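Visitor: The following block contains the structure, expressed as structure tokens.
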Amino acid sequence: MDASMKFMNNQYEDLLKEHATSMEAVRELQKENFMIKSTMSSLKIRLEQLEQQTRSNNVEIQCLPEKKQENLFNIVSDLSKTVGCSLENRDILHCTRIAKLNPEKNRPRSIIVQLASPRIRDQFLASVINFNKANRENKLNTTHLGFTGPKTAIYVMEHLSPTYKSLHAAARLKAKELGYKFVWVRGGKIFLRKAEETEHIMVKNMDILNKLS
């Protein structure tokens, strides 16, 4: 009887040791899994930032009508003169229309303009903002560039990566939902402000938007 009890006790202690060893292994695996997820998340954020940085010289022009055999360099040059920021040939490195996200829409394809430096890009964007502020009843539109037909607003903005463009769209929707007056992009970063006297909020990810009230 004593031998049997001793055997059972030994078996029980062995099981406890095996369980403790297994639990320690599980904890180590959970720790490794957390570290891997954290590293992957950091790499994803870094890649998204790098993708946006590659666009630091670019602007996107939206709603500018398409013409057959159009000269985009001349159109961009004329637009820059209209807003008081005359870009020279050496300032404009590349212009191209990009494919629509939704081919069913009648909206013209956007124009991506690569400028010579972020400084020139920022000067151009600032000129557009100042032009629209000075002409609140007649903001930049197709008639300024000699297009016939209905007057249509033209928008000039920073060229955002797909990730940041989606985040910007989500920020605009959240701002409308919660009554935030201002949404803007500067240097590839997205900002919100509820009112003129309130502090701005930098929107780095969807988590920040989801916590807003």
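Visitor: Can you pull the Kirkwood radius for segment 55-159, inverse mean 1/r over Cα pairs, to one decimal in Å?
Guide: Averaging 1/r across every pair of different Cα atoms and inverting gives 14.0 Å.
Visitor: Taking the number of other C-beta atoms within 10 Å as the exposure measure, put LYS31, LYS189 in order starting with the fewest.
Guide: Ordered by Cβ neighbours within 10 Å, fewest first: LYS31, LYS189.
Visitor: Along the Cα→Cβ direction, 7 angstrom out, place labels at LEU47 and MET5. What is the inter-label distance in nm?
Guide: 6.3
Visitor: Listing GLU197, GLU51, GLU13 from the residue with the fewest other Cβ atoms within 10 Å to the one with the most, what is the order?
Guide: Arranged by neighbour count, lowest to highest, GLU197, GLU51, GLU13 become GLU197, GLU13, GLU51.
Visitor: Might you report the magnitude of the Cβ-based charge dipole of the chain about its Cα centre, with Lys and Arg at +1 and Asp and Glu at -1, to the nearest 20 debye?
Guide: So the magnitude is around 1160 debye.
Visitor: Mind checking the full-extension length gain between LYS139 and LYS37? Use 0.36 nm per residue of separation minus the Cα-Cα distance, one decimal, nm.
Guide: Contour length minus the Cα-Cα distance gives 32.0 nm.
Visitor: I'd like the Karplus ³J(HN,Hα) series for segment 26-41: coefficients 6.51, -1.76, 1.60, θ = phi - 60°, whole numbers in Hz, and an x wherever there's a Gly or Pro.
Guide: So the Karplus estimates, Gly and Pro as x, are 5, 4, 5, 5, 5, 5, 5, 4, 4, 5, 5, 4, 5, 5, 4, 5 Hz.
Visitor: Residue by residue through segment 192-208, which ³J(HN,Hα) values in whole Hz follow from phi under the Karplus form 6.51 cos²θ - 1.76 cosθ + 1.60 (θ = phi - 60°), with glycine and proline marked x?
Guide: With the stated coefficients, segment 192-208 comes to 10, 8, 6, 8, 4, 8, 9, 6, 7, 10, 8, 8, 8, 7, 5, 4, 5 Hz.
Visitor: Hey, another quick one. Using the count of nearby Cβ atoms within 10 Å as a rough guide to exposure, how do ASP122, ASP91 rank from fewest to most?
Guide: Least crowded to most crowded, the residues run ASP122, ASP91.
Visitor: Take the eigenvalues of the Cα gyration tensor for segment 132-175, scale each by 5, and report the square roots as semi-axes in whole Å, largest first.
Guide: The equivalent ellipsoid of segment 132-175 has semi-axes of 27, 13, 10 Å.
Visitor: Rounded to the nearest 500, what is the chain's calculated 222 nm mean residue ellipticity when only DSSP H runs of at least 4 contribute -39500 (n - 2.57) each, over all residues?
Guide: It lands at -16500 deg cm²/dmol.
Visitor: For the Cα atoms of the chain, what angle does the longest principal axis make with the long axis of helix 162-178, in degrees from 0 to 90, nearest 10?
Guide: 90
Visitor: Over the alpha-carbon set of segment 111-155, divide Rg by the Kirkwood Rh and report the Rg/Rh ratio to two decimals.
Guide: Ratio of gyration radius to Kirkwood radius for segment 111-155: 1.03.
Visitor: Roughly what % of Cα-Cα distances in the chain sit above 21 Å, to the whole percent?
Guide: 67
Visitor: Step through the residues of segment 115-124 one at a time and calculate ³J(HN,Hα) from phi using the Karplus curve (6.51 cos²θ - 1.76 cosθ + 1.60, θ = phi - 60°), rounding each to whole Hz and writing x for Gly and Pro.
Guide: With coefficients 6.51, -1.76 and 1.60, one gets 9, 6, 7, x, 4, 5, 4, 5, 5, 4 Hz.
Rule-based calculations on the coordinates, nothing more; no lab input. Note that the structure is predicted; figures quoted are calculated from it, not measured. Glycine also receives a Cβ, built like all others from the backbone with ideal geometry; neighbour counts cover every protein chain displayed.
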